[in-house]
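Written out below as structure tokens is the structure these notes cover.
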Amino acid sequence: MSDEAYMLLAIEEAKKAELLDEVPIGCIVVKDNKVVASAFNERENSQQAIAHAEILAIKKANEVLGTWRLEDCTLYVTLEPCPMCAGAILLSRVARVVFGAFDKKGGCLGSCMNMYETKGFNHYPAVSGGVLEKECGALLTEFFKKKRYNKKGVAQVNITR
């Protein structure tokens, strides 16, 4: 399967998060062309700061594969990883990271910084960003647009004469 096809599976995970009123971010881990783990954000419902899609997917992949080393795996996520997730990806030795939308407010694989350009780590995954970027970004844009609308309670109407 192509990166786009796998990203579509990550998008399906993100949609599950949205149904639970979670920020719609989804993640899958692939090894030998098979999805070994999938997850979505669960931070609000679990009230756990670390319940990001990537962390949860890495944990599941570790359990399924019986190892903390994900050296032959590719991680697909709908939003550029934050510092915590980029660190977990690095420490779990994921071979490759593919992300959808760039995160100008917290992305650590090129937007705010590039963690994997820091010298001294013993592992550096390959990175591909912007895969189905528009589709991944639209999920987030629409989610937060609805949140802002619902917070106001009623639609704002401008009447001009």
Please give the strands (runs of 3 or more DSSP E) falling wholly within the stretch 24-135 in which 3 or more residues are hydroxyl-bearing (Ser, Thr, Tyr) and surrounded by fewer than 17 Cβ atoms within 10 Å (Cβ to Cβ). none
Filter the stretch 1-22 down to residues that are under 18 Å from Ile58 (Cβ atoms) and not charged (D, E, K, R) and give me whichever is most open to solvent (accessible area, probe 1.4 Å). Leu9
How many residues are without any contact (Cβ under 8 Å) to a residue 40 or more places away in the chain and under 14 Å from the mean Cα position of the chain (by Cα) if we restrict to the stretch 67-103? 15
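The values are calculated or read from the model by the stated rules, or taken from the named source; none is laboratory data. Bear in mind the structure is a predicted one, so any value in this text is a computation, not a measurement. Cβ coordinates were reconstructed from backbone atoms using ideal geometry, including for glycine residues, and neighbour counts include every protein chain displayed. Calculation scope for accessible area: heavy atoms of the full protein, side chains included, ligands and nucleic acids excluded. Shrake-Rupley method; radii C 1.70, N 1.55, O 1.52, S 1.80 Å.
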